[in-house]
1. Would you please name the residue that is surrounded by the most Cβ atoms within 10 Å (Cβ to Cβ), looking only at residues in the stretch 37-48 that are away from ligand 2 (no atom under 16 Å from the Cβ) and part of a strand (DSSP E or B)?
2. Has the stretch 238-248 got at least one residue that is touching a residue at least 60 places away in the same chain (Cβ under 8 Å), over 27 Å from S163 (Cβ atoms), surrounded by 18 or more Cβ atoms within 10 Å (Cβ to Cβ) and within 15 Å of the chain's Cα centre (by Cα)?
3. Among what's in the stretch 58-114 and is buried (at least 20 other Cβ atoms within 10 Å of the Cβ), part of a loop (DSSP other than H, G, I, E, B) and hydrophobic (A, V, I, L, M, F, W, C), pick the residue that is farthest from ligand 1 (Cβ to nearest atom).
Amino acid sequence: MVIPLLREYDDATEEASPPATAATAPGGARIDIENVSHWFDVPGGNKLQALDGIDLHVAPGEFVALLGPSGCGKSTLLRLVAGLEPATTGRLAQDGAAITRPDPSRIVVFQDPTLYPWRRVRANVALGPQARGVLRQQAHRVDDALARVGLAEFADAFPHQLSGGMAQRVALARALVNDPRLLILDEPLGKLDSLTRLQMQGELLQLWQRSGFSALLVTHDVEEALFLAQRVVVLSDRPARIVAQLQVDLPYPRHRGHPRLAELRHEALRHLGLDASW
Ligand SMILES: Nc1ncnc2c1ncn2[C@@H]1O[C@H](COP(=O)(O)OP(=O)(O)OP(=O)(O)O)[C@@H](O)[C@H]1O
Ligand SMILES: [Mg+2]
């Protein structure tokens, strides 16, 4: 995603324009993905098909995880939902309105936190409100967002002074400050060590439960998908088709050793074409 190059937080000047969308809109977005297929132009005048007839509906406030083989088209689907590019065919809508461009109500968090190294943590989190010219009115929300991810004390630190987990929490705070109605997560914990990853899964869950946004998570980690999501969608090899949808019928907080999770894990692995005999 292209983030506009902005001046340092402290000397930011602002326009009085209102935000593009109501950042305070309550609750999560409903997302409808209808019969979406997508092709890329590749060298030699050929087309590469990444998505094949995806039909997926995310209810307001729902947490949905996508699992699928590497290169099958998961990030492509997230990019279309984010509005970063148009689908070749099919329809994507948020609360009934066609998704045609990026919008602050839909925020993407990537595997790499992509913080600006020359901006302090607070200034990195302030990027969204600053870009929309509402930073002065919303300055308190920057600190609220940092507090929500447990980093209030590091507001004045620079990114190089943070651990990987802390940097990823800053990326989450940078998303949350926009009060997203849909959080789009592309392997957001993929680069963290396994202990930090488990801790961050719990934190992500709490943020979702407190904030009420809808969440669409791509992960390679079957346990992570089952621990976090209410529904796990399994995709085929490229071009991605939906091969199964598993309802994770367990309340939160979930116990990682729950026998139902073990059953669902076997089922997910089977749909991924892996012999789940271990
Ligand atoms: N801009 C692009 N131009 C051409 N091909 C692309 C482009 N973006 C992605 N692709 C191709 O589309 C396919 C799906 O890519 P995508 O990044 O969506 O996979 P993915 O499921 O997210 O993979 P991973 O799990 O490794 O992140 C791949 O074959 C990739 O090479
Ligand atoms: Mg990807």
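1. Of the stretch 37-48, the ones away from ligand 2 (no atom under 16 Å from the Cβ) are 37, 39, 41-47.
When the remaining residues are screened for being part of a strand (DSSP E or B), the result is 37, 39, 41-42, 46-47.
Values: S37: 18, W39: 16, D41: 9, V42: 9, N46: 9, K47: 10.
Per the criteria, the residue is S37.
2. Within the stretch 238-248 (the criterion being touching a residue at least 60 places away in the same chain (Cβ under 8 Å), over 27 Å from S163 (Cβ atoms), surrounded by 18 or more Cβ atoms within 10 Å (Cβ to Cβ) and within 15 Å of the chain's Cα centre (by Cα)), the answer is no, since none of the residues qualifies.
3. I99
The rows are residues; the columns are (1) in contact with a strand residue (DSSP E or B) (Cβ under 9 Å, 6 or more places away or on another chain); (2) farther than 25 Å from D95 by Cα; (3) surrounded by fewer than 24 Cβ atoms within 10 Å (Cβ to Cβ).
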site: A155; (1), (2), (3): no, yes, yes
site: F158; (1), (2), (3): no, yes, yes
site: R174; (1), (2), (3): yes, no, no
site: Q209; (1), (2), (3): no, no, yes
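All of the numbers you see were taken from the coordinates with simple rules; none came from a lab. The model shown is predicted, which means the values in this text are computed figures rather than measured ones. So basically every Cβ, Gly included, is an ideal-geometry build from the backbone, and we count neighbours across all protein chains shown.
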